[in-house]
Amino acid sequence: MRGLYTVLLLLCSNAFMTVAWYGHLKFNEMRTGNPLPLFVVILMSWGIAFFEYCCQVPANRIGFIDNGGPFSLFQLKVIQEVVSLAVFTVFALLVFKNETLRWNHLAAFICLILAVYFVFKK
C-alpha cells in the first residue's frame with residue numbers, strides 16, 4: 001500500500017506544481033485590465049507550491065526504502081518524472097487548448113516508460 005500512497009501523493013503534488021509553474025500563463029486571460037506584476041505572480045506560485053510540498057515530502061518519505069517504503073531513491077525520482085509529465089500533459093491539453101500532442105511527444109513518453117522499466121530492472 002505504501003507504493004500506492006506514494007504514487008497518489010505524487011499525482012497530487014504534481015497537480016499543484018503544474019498549476020504553480022504554468023497556471024500563471026493563463027492569468028491574463030482570466031483577468032481584465034493590466035497583467036499582474038511578476039512579483040505578485042511569483043508569490044502566488046509560491047503559495048500554490050506550498051501545497052505541492054505538503055504532498056511531495058510525505059510521498060518521498062512513505063515511498064523511500066530506508067523508511068520502510070518499496071522504492072529506491074532513483075526509482076522515486078523516475079516515478080516522479082513520469083507522473084509529472086503525465087500530469088503536465090493532461091493540464092496542457094485541458095487548459096491550453098491551442099497545444100497539441102504530437103508524435104514526438106508520444107515518443108518521449110515511451111522513452112520515459114522505458115526509463116521506468118530499466119530503473120526497476122534487477
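The values are calculated or read from the model by the stated rules, or taken from the named source; none is laboratory data. What you see is a predicted model, and the numbers here were worked out from it, not measured in a lab. Here the Cβ is made from the backbone with ideal geometry for all residues, glycine too, and neighbour counts use every protein chain on show. Accessible surface is based on the protein model in full, side chains and every heavy atom, while ligands, DNA and RNA are left aside. Shrake-Rupley method; radii C 1.70, N 1.55, O 1.52, S 1.80 Å.
Please sort 91-101, 15-25 by packing, taking for each peptide the average over its residues of neighbouring beta carbons within 10 angstrom, highest first.
Going by the mean number of other Cβ atoms within 10 Å, highest first, we get 15-25, 91-101.
So what are the ³J(HN,Hα) numbers for the range 88-94, from phi and the Karplus equation (6.51, -1.76, 1.60; θ = phi - 60°), rounded to whole Hz, Gly and Pro as x?
Computed from phi, the couplings for the range 88-94 are 4, 4, 4, 4, 4, 6, 7 Hz.
Using just the helices of the chain, give the 222 nm mean residue ellipticity in deg cm²/dmol: DSSP H runs with n ≥ 4 each add -39,500 (n - 2.57), and the total is spread over all residues, rounded to 500.
So the calculated ellipticity at 222 nm is -25500 deg cm²/dmol.
Below 8 Å, C-alpha to C-alpha, sequence gap of six or more: please give me the relative contact order for the chain in percent.
After rounding, I find 32 percent.
May I ask you to list the lysines whose Cα is less than 29 Å away from that of residue 97, ignoring any residue fewer than eight positions away on the same chain?
Output for residue 97: 26.
How large is the accessible surface of residue 1 in square angstrom, using a 1.4 angstrom probe and rounding to the nearest 10?
Approximately 150 Å² of residue 1 is accessible to the 1.4 Å probe.
Specify whether the C-alpha gyration tensor of the range 72-122 places it in the rounded, prolate or oblate class, a ≥ b ≥ c being the square roots of the eigenvalues: rounded for a/c under 1.5, otherwise prolate if a/b is larger than b/c and oblate if not.
Note, shape of the range 72-122 comes out oblate.
In degrees from 0 to 90, rounded to the nearest 10, what is the angle of the helix 38-63 Cα long axis to the longest principal axis of the chain?
Helix 38-63 sits at roughly 20 degrees to that axis.
With θ taken as phi - 60° and the coefficients 6.51, -1.76 and 1.60, list the Karplus ³J(HN,Hα) couplings across the range 75-81 in order, rounded to whole Hz; mark glycine and proline as x.
Once rounded to whole Hz, the list reads 5, 4, 5, 5, 4, 4, 5.
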